[in-house]
Amino acid sequence: MNTSTQSTASTQTHDTSDEAARVAQRLLSAAANQGDQLLDQYGNTRDGFTEEEAVQSRGQYGGNVITQKKKTPVAVKFVKAFFSPFTAVLLTLAVISFFTSDYPAVVIVLVMVTLSGMLRFIQEHRSEVSADKLTSMVATTVAVQRQVIEADTQKLASMKAEIPMEDVVVGDIVYLAAGDIIPADMRIIEAKDLFISQSSLTGESEPIEKFSHPAQATSSSPLEINNLAFMGSTVVSGAATGIVLAVGDDTSLGGIAHQLQQKAPPTAFEKGVSSVSWVLIRFMLVMVPVVFLMNGFTKGDWLQAFLFAIAVAVGLTPEMLPMIVTANLAKGAVSMSKKRVIVKRLNSIQNFGAMDVLCTDKTGTLTQDHIVLEYHLDIHGNDDDRVLRHAFLNSNYQTGLKNLMDLSIIEYAKEHVDFEKWKKYTKVDEIPFDFNRRRMSVVVADETGKTQMITKGAIEEILSICSFVDYGGQVTQITDAIRKEVLDRCGGYNADGLRVLGVAQKTEHAGVGAFSVADEADMVLIGYLAFLDPPKHDAAAAVTALEEYGVRVKVLTGDNDGVTKAVCKQVGLSYDSIVLGSQIETMTDDELTSTVEGADIFAKLSPTQKARIVSALRGAGHTVGFMGDGINDAAAMRASDVGISVDSAVDIAKESADIILLEKDLMVIVNGVIEGRKIYANIIKYIKMTASSNFGNMLSVLVASAFIPFLPMFPIQILVLNLIYDLSCTTFPWDNVDEDFLKVPRQWDASSITKFMLWIGPTSSVFDISTFIAMYFWIGPSVLGGSYHSLGAADQTKFVALFHAGWFVESLWSQTLIIHMLRTPKLPFIHSHASWQLTTLTSIGIIVGTIMPFTITGPWLQMSALPSVYFLLLLATIIFYMLLATIFKKIFVHLHGELL
């Protein structure tokens, strides 16, 4: 990217963030104003906009449509998918093979390029549908107050009108009812028992009560203000009237959509493959000219020197790398699919293995997103089935809509006690729940005719109607000290993330139908109910296992810090230090980077703050995974190296994810980490061993070129040698990986490949050169009866054919057997075994290559049969080579800390 392009991109990003800040300030300001003031501010009245006024507002503030960036034509995306450094290496290889008349190689390489490009094209095309999901979510109508011309009178009349959501404008008066999707970001100006679910935006599992009175901002995040409602959230209960403050791209949902449309930053895997490609390119750029000039000057045949230099370039390139990478990733995807995991983007499996930080949302990922009754306690905090019985009677016999807590009480009773005997009670009357009292009562009678009123609700409301308390087994008057004890105990439960209800009762004697709110008085407080959205059954085990594999778990949630602390405590995460979204809002990037390194729990976060934390971690050198299930997680997933969604996620989260867990088994994440590290191990094995052995071979050729009067090997021989070796390597994806290697996250490091090539490669050159010497000064003269220069032209040709055969076979043996030496830092064949697939195919490759000079392929490759004495030389060479390689391997590990 040139400077002007960078400047433009930076300016666009800056403009977008500035506009978002201005909209946020507009919402915060509106939260503090009265409704009529806001109507004046936006030029509206209680009668609503006319059509002309709505058009004017749309022109000033924009339409209520989440815009998408201009779609790139499919043909252009297809072509772009084939542009990468490694593709350039492969296409160069195809040109090389064409000039050397190796047309099968041209076909093979072009197939590799096609597979690589198609894979990238399909991946990128899939990710674009995520923004479309946002708009499809909100395709509905909404009730607004508008002034329209009546057909009969042709006069303006104010009325409630149903209009498409995209026609809503800033300043519109909108009516909300239970079940509605909020059509835009708005200020509530009238509310009756209004509860809104913001879980998909903020991660809060409980519906939030919204009010109409002005509210002063306590933070810079509008999402925390209790008189603002946001596009994409839903009305759980109640009714309300609101004034639209932001539409379309200016809404919180629009901001998330904008982030999803941005090009995702390159993942650790993509960076790694790219860096490897450039290492190979640099070696090619150095080696090819040197080989060309040396052979041109020493042999005098510049055309032959050029073709040989091109063959050297072929030899330096691991031709099968795309196939090895694809096969590894595909094998991983198949393995994961057996564990009920969808791998949407193949590259993400390797990123799974490289991951050293897993950021996870709380609700629906670590937790079940399902309220359960955690405790039923007496006043002193002891388990008490009497409290459970009264709670069950209250919840079971009410005729109104049972909420999540009622259902959890009934479910708990069914699972843990013989509740059938409690069904012998008969219902006498009830006083329904309402949001002003925040409690509900039922009156029941037992078989003896004893009548009881049982009330449950918010602890403050229950205390307000209780004059007595069951304290220490005795019913006594509530004193200020007991009231403080009750509130302190409940405060402790709240701090642990539990939602607490009080339970009270009293014996009644009134008749059926004679009960009212007035009867909720002089009651006896008997205990508490504590509820929690509990962790998934395997969450704690998964967290422990991830830590064992070097993955640090961080919780990023929009929920409050009390609930978050309770969940983290149960899954075994440190909860001593919690960072809030309001703190992050004021941090610079450098301050945030320092903070995210030290803290593991972040609460009350906005979607943008989640994505910012992920970006800060990646900027600090971490490979970051993000697991979430809501709209508020989509941007963070996209910013991560690998996005993980769970089975209960909303569609947008699933579309943004790279990995989707179809079952509620978080241990699959651990399996994914292991699978990813196996893939990395087998890819890096191939790259390092192939690059170093090819480099060693070409270095040997370079040295030989300077001292012998003919080419050390013909181009076709180099191509066939590489083909046999590469085919032997196609089983690398099935190779075994040492258990201790899997315990540590692995990062792509191109410099380690360079070090490996320069250190291990020349060890093979030592024995290649010894083979050259033996073939040139001993075996060749002994077979043909004289040195090369003393022979005639025909015998010189035979001498060269014998020399090439000897070096071809030795090179193949050393290059193939070294796979077993370098695939593990342990002692091969004893402490670490290759898979049977790799052992079998490498053995077949050695056998095929060894017999080639003795078959009809020998003359075609310009090689001749080898004498038996050669194989004694070969045996000694291979034994000493393996010993030297083992010594150098140990030294390399000592110097650089690891082999692979």
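Listed values, structure above:
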| read-out | value |
| --- | --- |
| Cα centroid separation, segment 867-900 to segment 409-448 (Å) | 80 Å |
| Simple label model, 7 Å out from Cα along Cβ direction - Ala495 to Thr730, nm | 6.6 nm |
| Share of alpha-carbon pairs per 5 Å distance bin for segment 728-839, given as whole % | 2, 10, 14, 14, 16, 12, 9, 8, 7, 5, 2, 1, 0 |
| Cβ-derived FRET efficiency at R0 35 Å, Glu548 paired with Leu407, nearest 0.05 | 0.40 |
| Long-range HN-HN contacts of Leu194 with modeled amide H, under 5 Å | Lys210, Ala239 |
| With DNA, RNA and ligands ignored, accessible area of Ile716 (1.4 Å probe; Å², nearest 10) | 50 Å² |
| Solvent-accessible surface (1.4 angstrom probe) belonging to Ser582, in square angstrom, nearest 10 | 50 Å² |
| Violating pairs (Cα-Cα greater than 27 angstrom) within the set Lys344/Lys685; Lys331/Lys755; Lys554/Lys678; Lys210/Lys565; Lys610/Lys678; Lys192/Lys536 | Lys331/Lys755; Lys610/Lys678; Lys192/Lys536 |
| FRET efficiency, 1/(1 + (r/R0)^6) with R0 22 Å, evaluated for Thr448 and Asp418 via beta carbons | 0.65 |
| Spin-label model distance (nm) - Lys484 vs Thr298, 7 Å beyond Cα toward Cβ | 9.6 nm |
| Per residue solvent-accessible surface (Å²) - segment 527-644, probe of 1.4 Å | 31 Å² |
| Distant-in-sequence amide H partners of Phe49 (H built 1.01 Å from N, under 5 Å) | Gln147, Ile173 |
| Residues of segment 689-729: accessible area per residue with a 1.4 Å probe, Å² | 21 Å² |
| Surface accessible to a 1.4 Å probe, per residue, for the residues of segment 766-844, Å² | 40 Å² |
| Highest average packing first - 792-798, 862-868, Cβ atoms within 10 Å | 862-868, 792-798 |
| For segment 606-646: relative contact order, % (alpha-carbon pairs under 8 angstrom, 6 or more apart) | 44 percent |
| Surface share of carbon and sulfur [accessible, 1.4 angstrom probe, percent] for segment 374-521 | 50 percent |
| Net charge of Cβ neighbours under 10 Å - reference Asp519; Lys, Arg +1; Asp, Glu -1 | -3 |
| Two-site label geometry, Arg386 and Val95: point separation in nm, points 7 Å out along Cα→Cβ | 9.0 nm |
| Cβ-defined net charge surrounding Ile878, 13 Å radius [Lys, Arg +1; Asp, Glu -1] | -2 |
| Formal net charge of residues neighbouring Gly473 (Cβ-Cβ distance under 12 Å; K, R +1; D, E -1) | -2 |
| Cβ crowding within 10 Å averaged over residues, with 758-767, 728-737 ranked highest first | 728-737, 758-767 |
| Computed lengthening from Ile878 to Ser594, 0.36 nm per intervening residue step minus Cα-Cα distance | 97.0 nm |
| Net lengthening on full extension, Val703/Phe306 (0.36 nm per residue, minus Cα-Cα) | 141.2 nm |
| Segment Ala75-His894, extension gain: residue separation times 0.36 nm, minus the distance between their alpha carbons | 289.8 nm |
| Per residue Cα convex hull volume in Å³ - calculated over segment 376-505 | 119 Å³ |
| Ranked packing of 487-496, 230-239, 439-448, most packed first, by mean Cβ within 10 Å | 230-239, 439-448, 487-496 |
| ³J(HN,Hα), Karplus 6.51/-1.76/1.60, whole Hz, each residue of segment 444-456, x for Gly, Pro | 10, 10, 8, 5, 8, x, 5, 10, 10, 9, 10, 10, 9 |
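The values are calculated or read from the model by the stated rules, or taken from the named source; none is laboratory data. Everything quoted here is computed from the prediction, not taken from an experiment. Virtual Cβ from ideal backbone geometry, glycine too; neighbours counted across all protein chains shown. The accessibility values were calculated without ligands, DNA or RNA, using every heavy atom of the protein model including side chains. Shrake-Rupley method; radii C 1.70, N 1.55, O 1.52, S 1.80 Å.
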